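The block underneath contains the structure these notes are about, expressed in structure tokens.
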Amino acid sequence: MKIGFIGLGRMGYNMVLNLLEHKVKVVAYNRSPEPTKKLARKGAEAAFSIEELVSKLRKPRVVWVMVPAGKPVDEVVSKLLKLMDKGDIIIDGGNSFFKDSIRR
């Protein structure tokens, strides 16, 4: 299985390392490119835009989002919804208020 991972801050970066250690293939993207480049050196596949990340995944696609709650999540999910299809999965792994997750 290959999953997409958006948001490589402290939590996201370490989640990707854990997934890689457990032999999960990961396409990683972060708004600033340095964490993406570092994880590529550790075995992740790099993407430098959300569009590129989605294009590197096979259907049904799974994208794990680890960005700060609120507007950042809304912006990422909005962009993903334009790129993904019915049956694809978006995981909001951040610290969102559960009613916001239900609304999305």
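Readers should treat all values here as calculations from the given coordinates under stated rules, not as data from a laboratory. This structure is a prediction, so every number in the text was calculated from the model and none was measured. All Cβ positions, glycine included, derive from the backbone under ideal geometry; neighbour counts span all protein chains shown.
If you place +1 on the Cβ of every Lys and Arg, -1 on the Cβ of every Asp and Glu, and leave all else neutral, what size is the dipole of the chain about its Cα centre, to the nearest 20 Debye?
My answer is approximately 200 debye.
Taking 19 Å as the cut-off for C-alpha to C-alpha distance, list the pairs among Lys37/Lys71; Lys38/Lys82; Lys56/Lys86; Lys59/Lys79; Lys42/Lys79; Lys25/Lys71 that go past it.
Where the Cα-Cα span goes over 19 Å, the pairs concerned are Lys37/Lys71; Lys38/Lys82; Lys42/Lys79; Lys25/Lys71.
Give me Glu45, Glu21, Glu52 sorted ascending by neighbouring Cβ count inside 10 Å, so fewest comes first.
Glu21, Glu52, Glu45
For the range 2-103, what is the convex hull (Cα atoms) projected area averaged across all directions, in square nanometres?
Projected area, direction-averaged: 6.0 nm².
Sorted by packing (mean other beta-carbon atoms within 10 Å per residue), highest first, where do 56-65, 1-10 land?
Going from most to least packed, we get 1-10, 56-65.
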